[in-house]
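The values are calculated or read from the model by the stated rules, or taken from the named source; none is laboratory data. Remember, predicted model here, so these are calculated numbers, not experimental data. Every residue, glycine among them, receives a Cβ derived from its backbone with ideal geometry; neighbour counts consider all protein chains shown.
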Amino acid sequence: MAAKLKKGDKVIVLAGKDKGKTGEIDRVMPADNKAIVNGINISIRHTKQTQQSQGGRLPQAMPIDLSNLALVDGNGKATRVGFRVEDDKKVRFAKTTGEAI
């Protein structure tokens, strides 16, 4: 099955503590059905000091479920993703505006 959300997509959070916030996808984990979004779902991780890093309490983005994310269209609103064939290539498009992503 083709991925509706991919790395680099601008998304908005639909549910959870960060509802309404927007960010860019850094990493998608299709096996877990989760994604890591830059600046969203931040938690504090305690790390030990090493020779390379300082250590301490470091903020880190945690995975968020793909069902809680929606793609942002050209108008800045949440949209669903559809697929269609253009010039013998399968492309994603925003259902609200109809434009290709």
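Of all the residues in region 16-56, those that are surrounded by fewer than 13 Cβ atoms within 10 Å (Cβ to Cβ) and either within 17 Å of Lys77 (Cβ to Cβ) or touching a Phe, Trp or Tyr at 6+ places or on another chain (Cβ under 9 Å) (or both) number 2. Looking across region 1-13, the residues that are surrounded by 13 or more Cβ atoms within 10 Å (Cβ to Cβ) and either in contact with a Leu (Cβ under 8 Å, 6 or more places away or on another chain) or at positive phi (or both) come down to Lys4, Leu5, Asp9, Lys10, Val11, Ile12, Val13. Determine which member of the set Ala35, Ala78, Ala3, Ala94 is among the small types (Gly, Ala, Ser) and modelled with pLDDT of 95 or more. Exactly one of Ala35, Ala78, Ala3, Ala94 is among the small types (Gly, Ala, Ser) and modelled with pLDDT of 95 or more, namely Ala35.
Can you tell me which residue is surrounded by the most Cβ atoms within 10 Å (Cβ to Cβ) among those in region 57-95 that are without any contact (Cβ under 8 Å) to a residue 12 or more places away in the chain and assigned to a strand (DSSP E or B)? That would be Val91. Does region 5-23 hold any residues that are of a type outside the set (Gly, Ala, Ser), more than 15 Å from Gln60 (Cα to Cα) and out of contact with any helix residue (DSSP H, G or I) (no Cβ under 8 Å at 6 or more places or on another chain), and which are they? Listed by number, the residues that qualify are Lys6, Lys7, Asp9, Lys10, Val11, Ile12, Lys17, Lys19, Lys21, Thr22.
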